[in-house]
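To keep things clear, I will list the structure first and then write my remarks on it.
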Amino acid sequence: MENFLFSQTIQFTKEKLMSKHVLFAATILLLSLGVVSSIQAQKKQDASTKKEVKFLDDITVQASSDQNNASDPKAAFSKTTLFKDEKKVVTPAVASESNVENASGLQLKYALLLDVEVEQVVNLNLFKVIDEWIGTRYRLGGSDKTGIDCSALMQILFTSLYGITLPRTAREQYDFSRKISRTELKEGDLVFFNTIGGVSHVGMYLQNNKFVHASTGGVTISDLYDEYWSRKFIGVGRVDQTQTQSTASTLKP
């Protein structure tokens with residue numbers, strides 16, 4: 001009898017311990033499922049967050065107003081403007097397109113040679129005279145189309161344009177002109193150079209640092225800031241149009 005009671009007690013104790021283990025295991029399982037569900041929910045939230053479209057600050061998209069292209073995504077995209085604090089840039093060359101179309105061949109030619117806009121080539125009489133001589137070969141002492149030197153070219157330009165007769169040589173033209181600062185240069189001024197000693201070369205200033213002259217390569221247009229001419233530069237002289245031919249003729253012809 002005692003053995004039976006003892007065995008029953010042991011069996012009850014085992015069952016009680018087993019129930020505790022089952023309850024503990026169930027508790028652990030439920031906690032695990034809760035953690036897993038929480039992690040999965042967090043992952044879904046992160047995934048949905050990543051799929052959200054982010055826009056940079058101050059960026060706007062302006063869609064095309066052309067209703068005819070509404071069904072064409074490529075066309076609509078090509079007319080969409082995306083910008084951020086974009087600064088407006090005005091290009092004068094575009095604005096002057098109509099002037100380029102109406103410009104003469106002479107204006108276009110000298111706009112290219114002077115590296116300026118066509119609208120800046122306004123003294124057509126000057127460029128017509130220059131164009132008659134451009135390319136003429138250089139000849140020391142020459143004064144016609146078979147060959148001309150620098151000072152003779154200045155004489156022809158001043159006589160044709162201003163009715164003023166200049167002295168014959170570059171040195172005499174330097175003495176004849178009124179000296180001004182290089183910063184005062186304007187179209188028609190004389191620019192002087194020392195190429196072989198003293199005042200030995202002369203040209204007429206045009207614009208944009210360019211001058212026309214009879215160089216050893218012929219009548220051409222050069223830049224004052226070219227290395228060679230910059231080193232040889234002496235000064236600037238201005239001949240007032242009020243000066244008469246009689247004043248110039250008193251100097252050596």
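The values are calculated or read from the model by the stated rules, or taken from the named source; none is laboratory data. A quick note: this is a predicted structure, and the numbers were derived from the prediction, not measured. Backbone-built Cβ (ideal geometry, glycine too); neighbour counts: all protein chains shown.
Quick check on my filter: what residues within segment 197-230 are of a type in the set (A, V, I, L, M) and closer than 23 Å to D144 by Cα? Steps first, please.
Pass one, segment 197-230, residues of a type in the set (A, V, I, L, M): 199, 202, 204, 206, 212, 214, 219, 221, 224.
Of everything in segment 197-230, those that are of a type in the set (A, V, I, L, M) and closer than 23 Å to D144 by Cα turn out to be V199, V202, M204, L206, V212, A214, V219, I221.
Regarding segment 158-178, can at least one residue be identified that is under 32 Å from the mean Cα position of the chain (by Cα), at pLDDT 95 or above and small (G, A, S)? Full working, then the answer.
Of all residues in segment 158-178, those under 32 Å from the mean Cα position of the chain (by Cα) come to none.
Checking segment 158-178: not a single residue is under 32 Å from the mean Cα position of the chain (by Cα), at pLDDT 95 or above and small (G, A, S).
Being out of contact with any His (no Cβ under 7 Å at 6 or more places or on another chain) and closer than 24 Å to R139 by Cβ: is that true of S181 here?
Values: out of contact with any His (no Cβ under 7 Å at 6 or more places or on another chain): yes; closer than 24 Å to R139 by Cβ: no.
Criteria not met by S181.
In segment 143-151, is there at least one residue being more than 27 Å from R178 (Cβ to Cβ), loosely packed, with under 12 Cβ neighbours inside 10 Å and modelled with pLDDT under 95?
no
Is it the case, given these coordinates, that D175 is surrounded by fewer than 18 Cβ atoms within 10 Å (Cβ to Cβ), acidic (D, E) and more than 19 Å from N194 (Cα to Cα)?
On the way: surrounded by fewer than 18 Cβ atoms within 10 Å (Cβ to Cβ): yes; acidic (D, E): yes; more than 19 Å from N194 (Cα to Cα): no.
Against the criterion (surrounded by fewer than 18 Cβ atoms within 10 Å (Cβ to Cβ), acidic (D, E) and more than 19 Å from N194 (Cα to Cα)), D175 does not qualify.
State yes or no: is N99 modelled with pLDDT of 95 or more and either in a loop (DSSP other than H, G, I, E, B) or surrounded by fewer than 17 Cβ atoms within 10 Å (Cβ to Cβ) (or both)? Talk me through it step by step, then tell me what you get.
Numbers: modelled with pLDDT of 95 or more: no; either in a loop (DSSP other than H, G, I, E, B) or surrounded by fewer than 17 Cβ atoms within 10 Å (Cβ to Cβ) (or both): yes.
Answer is no for this residue.
Among the residues that make up segment 125-132, is at least one of them in contact with a strand residue (DSSP E or B) (Cβ under 6 Å, 6 or more places away or on another chain), surrounded by 15 or more Cβ atoms within 10 Å (Cβ to Cβ) and modelled with pLDDT of 95 or more? Show your work before the answer.
Looking only at segment 125-132, we keep the residues that are in contact with a strand residue (DSSP E or B) (Cβ under 6 Å, 6 or more places away or on another chain), and these are 130.
Retained after the next criterion (residues that are surrounded by 15 or more Cβ atoms within 10 Å (Cβ to Cβ)): 130.
Now drop any that are not modelled with pLDDT of 95 or more, which leaves 130.
Yes, that holds for at least one residue.
Can you name the residue in segment 211-237 that is in a loop (DSSP other than H, G, I, E, B) and touching a strand residue (DSSP E or B) at 6+ places or on another chain (Cβ under 9 Å) and, of all such residues, is farthest from T169 (Cα to Cα)? Break it down stepwise before answering.
At the first step, the residues of segment 211-237 found to be in a loop (DSSP other than H, G, I, E, B) are 216-217, 224-226.
Still in the list and also touching a strand residue (DSSP E or B) at 6+ places or on another chain (Cβ under 9 Å): 216-217, 224.
Numbers: T216: 16, G217: 19, L224: 21 Å.
Taking the candidates together, the pick is L224.
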